[in-house]
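Just below is one structure, and these are the notes that go with it.
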Amino acid sequence: MNIGIFTDTYSPEINGVVTSIRQLEDELTKHGHHVYIITSSSYRKIVRINNVIHMPGINIKKLYGYNVSGFYSVFGAKYISDLKLDIIHAQTEYGIGIFARIMAMQFNIPLVYTYHTMMEDYTHYLSKYLTRYSTRPLKSFMKSASRVYANRCTQLIVPSNKTAEAMVDYGVTNHINIIPTGIDLTKFRNDQINNTTINALKEKYDIDSNTFCFIYVGRLAQEKSVDEIIEAFKILREQHLKHFKFIIIGDGPSFEELKALVASYKLSKEIIFLGKIKNDLIPLYYHLGHCFISTSTTETQGLTFIEAMASGLPVICSYDKNLADLIINGENGYVINNVNDLALMMGKMMKLDHDSYQNLKKHAQASIIKYSSSIFYDKVMAVYHKAIEENKTNDKSFKNIRRIRSLSSFFRE
């Protein structure tokens, strides 16, 4: 099967969407399918590197951190036509996502859409430019846009019950396939990790046997609330709790702001920013830590939580309905409600006796067995086959280019 995955973000970016796409790409390729990644870039022309097709776009790093392509390209359409795609799988809403929908209409290709991001949680990126008083109009627009995108695809995938419930609240009438992203759990096991490399990294970052190390992996952006974690470390230091490190892996629009915050608290020795790390090396860095920590409440699934737990790390996180079935308070981690609570739990984690800590690690690894990549592949393939059959018979199928109208009609239901 020839499969086109359309996305605005791809490697070397570090975020849950990229993790999901890479895992799907690996599984599809392993099973003999031909996978093409169609993504936005800052190139001025179409550039193909192996199976990745970079569409011309502009960089909006200061606003959001990604590239955004145009809605349509004649040359791009010719390129897509030559791929003879059996499935278009859109992983994004705007830019390359709209291009994916137009390609599905133009070439009558079934369109599968994975809704990764609760878009109403990201209105702060635009609100300062588009409205002076309230984000409410933008949130309303985001909900409407989500409804339109979700209803105007052949098959819809969401990663969690939380997201599915939001889709229903938005007024989505399309069938909703709930498929949590799977990961290759074997990559994170202790027996797959090179201890010599781990020891070298610990020496590099001054992590000795007396140092308790916390890890964060993900985008550095306002909605991830990494500043709250830094505030909690300030409280820990004021309580004279020493011998801790906090390693932050990832990049994003808040990178410099967070570094400045750390410097202002005089925590630069304890809190280390590593920036982007190659995806293949991420398992190594989880094994530097003793605990994974995140206070984001905008996750649709929490893939980095699953990766961390697969590495044997207990988790400290903010309460989020999406994580209710994953993080069991006191069993495989701790759930907190505010910064003071976070500092308290971090201190508690640092003071655990050996047996109590090992029990948390054991339960963390046991909690994520159901998120295997093979189960993920089987479920996505079932959706692909449903989409192909529906496209043959359903009146909703995109039959010709004449259905492509103005953007205003695209958003009108």
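Here, each number is a calculation from the coordinates, and none is a lab measurement. Not measured: the values here are computed from a predicted model. When we count neighbours, we look across all protein chains shown, and the Cβ atoms used for this are built from the backbone with ideal geometry, even at glycine.
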Next on the checklist: Considering only C-alpha atoms, what is the centroid distance from the stretch 1-38 to the stretch 141-182, in Å?
Outcome noted: 20 Å
Checklist entry - According to the square roots a ≥ b ≥ c of the eigenvalues of the Cα gyration tensor, what is the shape class of the stretch 185-370, taking rounded for a/c under 1.5, prolate for a/b larger than b/c otherwise, and oblate for the remainder? => result rounded
Item to check | Partner aspartates and glutamates for residue 269 [C-alpha distance under 13 Å; skip if fewer than 8 residues away on the same chain] | outcome: 206
Checklist entry - For the pair residue 378 and residue 175, what calculated FRET efficiency results from E = 1/(1 + (r/R0)^6), where r is the Cβ-Cβ distance and R0 = 22 Å, to the nearest 0.05? => result 0.75
Checklist entry - Within the stretch 334-381, how many Lys pairs sit with Cα atoms under 23 Å apart, leaving out pairs fewer than 8 places apart on the same chain? => result 7
Item to check | the chain: DSSP helices with Cα axial extent of at least 15 Å and average Kyte-Doolittle hydropathy no lower than 0.0 | outcome: 96-107, 226-238, 339-351
Checklist entry - When the Cα centres of the stretch 213-264 and the stretch 369-383 are compared, how far apart do they sit, in Å? => result 34 Å
Item to check | Cross-link reach list, lysines versus residue 278, counting only Cα pairs under 20 Å and skipping chain neighbours closer than eight places | outcome: 61, 187, 202, 204
Checklist outcome for this item: Most exposed to least, judged by fewest other Cβ atoms within 10 Å, 381, 142 sort to 381, 142
Item to check | Which label in (1) 4, 21, 31, 25, 13, 4, 0; (2) 5, 25, 35, 25, 9, 1; (3) 4, 16, 18, 17, 18, 15, 8, 2, 0 gives the computed P(r) over Cα pairs in 10 Å bins from 0, in percent | outcome: (1)
